[in-house]
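All remarks here apply to the structure that follows.
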Amino acid sequence: MDFEFSPEQLAFVEEVERFLDEHDDPEIFDVTRENMAQIVDTPKRRAFMAEVGAKGWLGITWPKEYGGQEGDGVYEYLLNESLARRGGPQIGKGVGIIGKTLIAHGSEKLKAEFLPKILRNEVEFAVGYSEPNAGSDAASMQLKATRDGDGWRLNGQKTWTTSAHFAEWYWVGARTDPEAPKHYGITLFLVPLDHPGITVKPIWTMGDERTNEVYLDDVWVSDDYVVGELNRGFQYISEALDLERFTLFTISPILQRLELLTDYVRSASVDGEPLAADPVTRQRLAHLHAEAEVARVLGLKFVAASTKGGAPPTTEASEYKLYTTEYSKRLADASMDLCGPGSQLRVKTEDAPLAGRSESTYRYTVIDTIGGGSSEIQKNIIARRKLGLPKNF
Ligand SMILES: Cc1cc2nc3c(=O)[nH]c(=O)nc-3n(C[C@H](O)[C@H](O)[C@H](O)COP(=O)(O)OP(=O)(O)OC[C@H]3O[C@@H](n4cnc5c(N)ncnc54)[C@H](O)[C@@H]3O)c2cc1C
């Protein structure tokens, strides 16, 4: 088994790092936003991603026919990890969820309208699956779509829609057949977020980032903006979720925090004694390093499995997402414990241990164990699909 990257892959990372050095700007890169740094939410970050697009790096894995390079997914992984290490915006739902679903299932009209814009980063999307009574069980979504002329009228509420306050288009699931079994009556639509029937209200997370509630009141959508086949929406959502678990959770910012903690332990002293000499601290830190290696390798295993072709590596995605996001939380807990009372100082406080990231990540890291499918749901997937255990009731 070979865990090393090839010379070509390492040369690509060097090229990316040079590009990032040339574009270094604190308004684009902010590691303290943790995993939410990935969203492309300001004009400067959009312009930067357009330059990433101009390098051909947004369509690395897309077919050539649609402007992509038909490259190996490992390059997308390497690019995203380099971007994440600096707290930069990343390849996410536009290229992954929306782009890849349109390529696989979208009409020629939708492909022609959206794919070139995604590659040039001229459009941002929000993804609307979750509702107040349908989160883990997305197939229970109730947003109503009723037939009206050559289209559909949408009514209802979504929640936790990240990006809805700045994106142009809403990738939204709605129930088009209330009589069908719940997994088969859902359709995906593309709706402009400036439609007069749409209201977006903020929800601030405990990690200081914004997500949203979205209300749809008699929002009319033409048949042209139905994605793929009617009532097949849930199947498309499931397909794309495997990808989300991969692109939406990077490991570099976590490893970087581990390095910050390690440097702190090396240099700090408590009651005149070096912290590094404390056996409990040393053991805890060593354990964290061993766990970081497990997380890193689970990520590589997932990348290797997803670039082999064939069925999506669902269980590998779940193992990586579950372990890495739970580890990130354990690391934040350890940072709070080991850095003493100073760990409660906020980010950007002068002289705060770990530059204030103990406090912020202690709050933030909880979020990653919920978004994109909670830890319990990942465990259910592993239990069912890998271990063959019966479905939970
Ligand atoms: C910051 C953030 C951003 C998000 N962004 C988006 C977005 O852009 N678009 C979008 O559509 N959604 C988004 N989500 C929603 C996210 O996908 C859901 O929060 C998640 O799927 C959990 O759903 P829920 O919050 O309704 O919790 P619930 O599903 O109600 O779960 C509550 C608890 O019960 C547990 N649970 C539920 N079912 C089971 C089961 N079968 N077995 C064992 N335990 C179970 C869960 O693990 C959890 O602990 C976001 C969430 C967060 C936190």
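The values are calculated or read from the model by the stated rules, or taken from the named source; none is laboratory data. Here the structure is a predicted model, which is why all the values come from computation and not from measurement. Methodologically, a virtual Cβ is constructed for each residue, glycine included, from the backbone with ideal geometry; neighbour enumeration extends over all protein chains shown. Please note that ligands, DNA and RNA were not included when accessible areas were found on the heavy atoms of the full protein model with its side chains. Shrake-Rupley method; radii C 1.70, N 1.55, O 1.52, S 1.80 Å.
Of all residues in the range 338-360, those that are within 23 Å of VAL280 (Cα to Cα) and open to solvent by 30 Å² or more (accessible area, probe 1.4 Å) have Cβ atoms under 9 Å from Cβ atoms of residues that are among the aromatic types (Phe, Trp, Tyr) and part of a helix (DSSP H, G or I), 6 or more apart or on another chain, in GLN344/TYR362.
For the range 62-78, which residues satisfy the criterion of being free of Cβ contacts under 8 Å to residues at least 24 places away in the same chain and either buried (at least 22 other Cβ atoms within 10 Å of the Cβ) or in a loop (DSSP other than H, G, I, E, B) (or both)? Lay out the reasoning, then the answer.
Taking the range 62-78 and keeping what is free of Cβ contacts under 8 Å to residues at least 24 places away in the same chain, we get 64-65, 69-71.
Selection gives GLN69, GLU70, GLY71.
All but one of (1) touching a residue at least 60 places away in the same chain (Cβ under 8 Å); (2) out of contact with any Ser or Thr (no Cβ under 8 Å at 6 or more places or on another chain); (3) open to solvent by 10 Å² or more (accessible area, probe 1.4 Å); (4) closer than 23 Å to GLN38 by Cα hold for THR324; state the number of the condition that does not hold. Here THR324 clears every test but (3).
For the range 110-119, the count of residues that are buried (at least 22 other Cβ atoms within 10 Å of the Cβ), more than 11 Å from the ligand (Cβ to nearest atom) and part of a loop (DSSP other than H, G, I, E, B) is zero.
Under the condition of being hydrophobic (A, V, I, L, M, F, W, C), open to solvent by 10 Å² or more (accessible area, probe 1.4 Å) and more than 16 Å from the ligand (Cβ to nearest atom), the residues counted in the range 124-158 number 1. Evaluate the following for THR211: is it within 28 Å of ARG46 (Cα to Cα) and either within 14 Å of the ligand (Cβ to nearest atom) or out of contact with any helix residue (DSSP H, G or I) (no Cβ under 6 Å at 6 or more places or on another chain) (or both)? Yes.
Each residue in the range 188-217 was checked for being open to solvent by 70 Å² or more (accessible area, probe 1.4 Å) and of a type in the set (A, V, I, L, M), and 1 pass. The number of residues in the range 18-43 being of a type in the set (D, E, K, R), loosely packed, with under 13 Cβ neighbours inside 10 Å and in a helix (DSSP H, G or I) comes to 3.
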